[in-house]
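The numbers here are math on the coordinates, done by the rules we state, and not lab data. All values reported here derive from a predicted model rather than from experimental measurement. Note that each Cβ is placed from the backbone with ideal geometry, even for glycine, and that neighbours are counted across all protein chains shown.
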Amino acid sequence: MTRDDARLKRMLEEERSRLIEDIDHLATIRYRRISSSNHMAENATAAFDQASNQALLKQLQHRLQRVEHALAKFDQGTYGYCENCGEPIDFARLKALPDARFCLKCQRQRETMGGRPLGPRALETGEI
Ligand SMILES: [Zn+2]
């Protein structure tokens, strides 16, 4: 492992502890809000907060999964390599996005595919 890889790993580890803290924190808030409010308006606000907290919590958990996935790749010795083509991922990309799973080329390809390409019958089916 090169020194730069070690730095990326540290970044990921720091992000993981931060995420775990945030998730813990959110879980605590949720619990307190619901148990302490007994007024209808407060309940509505609490329900709204709960919904946005829930969305945030999901986001954080998803992010944590990505970070843990990246950290696991360090153990497997596959960190820094594209999961699709196996080529090394550009270091500048890893620095900006330490949990990147694909090289830029494959990432672009995936985004294009995920973007629901319009079929030849798009006009007839009303997609346009
Ligand atoms: Zn690739």
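Quick look at the numbers
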item	result
Residues satisfying the stated conditions in the stretch 46-87, i.e. under 17 Å from residue 100 (Cβ atoms) and of a type in the set (A, V, I, L, M, F, W, C)	64, 67, 70, 71, 72, 74, 82, 85
Residue list for the stretch 70-96, filter: surrounded by 14 or more Cβ atoms within 10 Å (Cβ to Cβ) and either of a type outside the set (Asp, Glu) or under 16 Å from the mean Cα position of the chain (by Cα) (or both)	70, 71, 73, 74, 79, 80, 81, 82, 84, 89, 93, 94
Tally, over the stretch 55-94, of residues that are more than 16 Å from the ligand (Cβ to nearest atom), assigned to a helix (DSSP H, G or I) and without any contact (Cβ under 8 Å) to a residue 12 or more places away in the chain	8
